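Working notes, structure below.
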Amino acid sequence: MAAVTARIGVFGGAFDPPHLGHVELARAGVERFALERLLVRVVDDPGHKAVSTPAAVRLRLAELAFASVAVAEVAVDRFARTVDSLESLALPDPVFLVGADEFASFLEWKEPARVLELARLGVATRPGVERARLDSVLAALERPDRVSFFPIEPLPVSSAEIRRRAAAGGPIHGLVPEPVAEEIARLGLYRAVETPQGGGMLGTEPSERTTPT
């Protein structure tokens, strides 16, 4: 009798820091696609944005954040581009989970057609991202059948806003899982510090890159 292949999902990101929106997307994706494993990939050096903390720290935060998702397996991803990561993983037709805002720029990713050969896309939709914008991307794909949409609970939260709040000494409870908030406080992450130039944020890169994923 042939072995039954487990349904595997992949969810990647900088997770700087991971927040409740990330966790909700993971939970909803696991439920929607009946995933038996979810590989949460903490991208070491994202090609499309600067990061404020080392990969090892973001890995620890992600481990805390996704501990409530029973099938999640958290690891560092050494690849900056999704297609290269999927090539390396060589999984049997996984579901790659993304938010609607990421899918809106999917045509700018490195080798989007190859991404769809390596994985199906599970796109989490929420209010605030126009469906017409997503449909225009879908219409431009050779394999739109490889894309599935699923709704998630809208949570008005972003990693950038959390970093800004933490830098200003503001509360982040209710935006990130409680263990993540405690670890951010314990390590003093994202705090504003004085620099010779007159300001800044602890660990922040001097500029952001705009290369697509």
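Read-outs throughout are calculated quantities, based only on the coordinates presented, and are distinct from any laboratory measurement. Note that the structure is a prediction, hence the values are computed from the model and not measured. Methodologically, a virtual Cβ is constructed for each residue, glycine included, from the backbone with ideal geometry; neighbour enumeration extends over all protein chains shown.
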Amide H partners (placed H, <5 Å) of residue 74, local residues excluded: 40
Local electrostatic count, residue 166, Cβ distance below 13 Å [Lys/Arg +1, Asp/Glu -1]: +1
Cβ-based exposure ranking for 133, 32, in which fewest neighbours within 10 Å come first: 133, 32
Around residue 66: net Lys/Arg minus Asp/Glu count, Cβ-Cβ under 13 Å: +2
Of every Cα-Cα pair in region 46-181, the percent that sits beyond 23 Å: 44
At R0 = 41 Å, FRET efficiency that the Cβ-Cβ distance of residue 113 and residue 173 yields, to 0.05: 0.45
Relative contact order %, the chain, counting alpha carbon pairs below 8 Å whose residues are six or more apart: 26
Sites residue 88 and residue 148, calculated FRET efficiency, Cβ-Cβ separation with R0 22 Å, nearest 0.05: 0.40
Extension reserve of the residue 37-residue 130 stretch, reckoned as 0.36 nm per residue once the Cα distance is removed: 30.5 nm
Sorted by Cβ neighbour density within 10 Å, fewest at the top, the residues 82, 53, 125: 125, 53, 82
Whole-Hz ³J(HN,Hα) from phi, Karplus 6.51 cos²θ - 1.76 cosθ + 1.60, for region 138-150, glycine and proline x: 4, 5, 8, 8, 6, 10, x, 5, 8, 10, 10, 9, 8
Approximate shape of region 95-148 as ellipsoid semi-axes (Cα gyration tensor, √5λ), whole Å, largest first: 17, 12, 10
Under Karplus coefficients 6.51, -1.76 and 1.60, residue-wise ³J(HN,Hα) of region 101-106 in Hz, glycine/proline x: 5, 5, 5, 4, 9, 4
Distance in nm between pseudo-label sites at residue 6 and residue 68 (7 Å out along the Cβ direction from Cα): 2.3
For residue 49, distant residues with modelled amide H under 5 Å away: 209
Proximal charge balance of residue 56 [Cβ under 14 Å; K/R count +1, D/E count -1]: -3
Amide H within-cut-off set for residue 147, under 5 Å, with H built and near neighbours excluded: 121
Beta bridges per DSSP with both ends in the chain, % antiparallel, nearest 5: 5
